[in-house]
Amino acid sequence: MGSIARRPLMVANWKMHGTFFEAMQWVQALSYQLDPADYDRVDVGVAPSFTSLRSVQTVIQMDDLPIHIVAQNVHWANKGAYTGEVSARMLAKLAVSYVIVGHSERRRDFGEDDRMVNRKARAALSEGVTPIVAVGETLEQREGGRAEQTVGRQVSGSLARMPSDQVGRLVVAYEPVWAIGTGRHARPAVAQEMISYIRSRIRSKHGDAADQVRIIYGGSINPGNVAALMAKRDIDGGLIGGASLDPGTLAACVRYWT
Ligand code: PEP
């Protein structure tokens, strides 16, 4: 086991919520609640919809906020006849630092599979945008004893053909599907077990890169459960959906140690 300290990452996933104006207000309200010392301890990111990225970037730049801009999706090609899609280059030019790929809502509703997730992740990396690769099992898979098998397959497929130095730089989000938006978070011991499994899986292929890759947890995080989850040794941060829509609640999650 290595001893590299990984910087925690807390990301608000606003999904399809908020107009550009509301997203600007949320970023500002979040920044009022956080102190400079908070940003020293944790990387903070917000993932608004595509229509809000430019406005959020403007607020962040004008107020000089150390908040990372995160996109919720990206296409694998860098340009072309892909109506309705957005490329990694377009995101990079908007100062987007991270992009979520393979969220379970996209896997479920838009047929995103590991091969597509892998192509998206590699496209993001090629433009200097860090992918947040989301993986997680359904309740049926967990109850059938197939949680590790499912997540292991997603990790291998999504990180295929990536050199180890790139793997070390990306983020994996373990988000059990049964915990997303249900109010039923994974018990910290369960999240730790799965995230440790993901890390060991990465270690078997990429060696020490497993000590650098940040693996975060997502699924019904709230201010009441965040500290216990973040206390686990392999959990490097959180992806926060519903609770992130209120800036005060989001700030309380970001400051999980207080
Ligand atoms: C998510 O969708 O990434 C998520 C974690 O949502 P929630 O916090 O609402 O479960």
field: Residue that is farthest from the chain's Cα centre (by Cα) [pool: residues in segment 94-109 that are under 16 Å from Ser52 (Cβ atoms) and open to solvent by 30 Å² or more (accessible area, probe 1.4 Å)]
entry: Leu94
message: I want to confirm something. Restricting to segment 163-172 and keeping residues that are closer than 15 Å to Lys120 by Cα and either within 10 Å of the ligand (Cβ to nearest atom) or in a helix (DSSP H, G or I) (or both), which single residue is most open to solvent (accessible area, probe 1.4 Å)?
response: Gln166
- line: Within segment 4-33, residues being within 18 Å of the chain's Cα centre (by Cα) and of a type in the set (Phe, Trp, Tyr) number 1
- request: Give the number of residues within segment 248-258 that are open to solvent by 20 Å² or more (accessible area, probe 1.4 Å) and not aromatic (Phe, Trp, Tyr).
  value: 5
task: State which residue is farthest from the ligand (Cβ to nearest atom) when the search covers only segment 183-222 and only residues that are assigned to a loop (DSSP other than H, G, I, E, B) and buried (at least 19 other Cβ atoms within 10 Å of the Cβ).
output: Val213
- prompt: So which residues in segment 47-75 are under 18 Å from the mean Cα position of the chain (by Cα) and either in contact (Cβ under 8 Å) with a residue 60 or more places away in the chain or open to solvent by 60 Å² or more (accessible area, probe 1.4 Å) (or both), if there are any at all?
  reply: Phe50, Pro66, Val70
- prompt: Which residue out of Val117, Val86 is under 20 Å from Leu239 (Cα atoms) and touching a strand residue (DSSP E or B) at 6+ places or on another chain (Cβ under 9 Å)?
  reply: Val117
task: Would you be able to tell me the number of residues in segment 113-142 that are within 15 Å of the ligand (Cβ to nearest atom) and surrounded by fewer than 20 Cβ atoms within 10 Å (Cβ to Cβ)?
output: 2
statement: The correct count of residues that are over 18 Å from Ala189 (Cα atoms), in a loop (DSSP other than H, G, I, E, B) and within 15 Å of the ligand (Cβ to nearest atom) in segment 225-258 is 2
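The values are calculated or read from the model by the stated rules, or taken from the named source; none is laboratory data. Computed from a predicted model, the values in this text were never measured in an experiment. Note that we place each Cβ from the backbone using ideal geometry, even for glycine, and neighbour counts take in every protein chain shown. When the accessible area is computed, the model is the full protein with side chains, heavy atoms only, and any ligands, DNA or RNA have been set aside. Shrake-Rupley method; radii C 1.70, N 1.55, O 1.52, S 1.80 Å.
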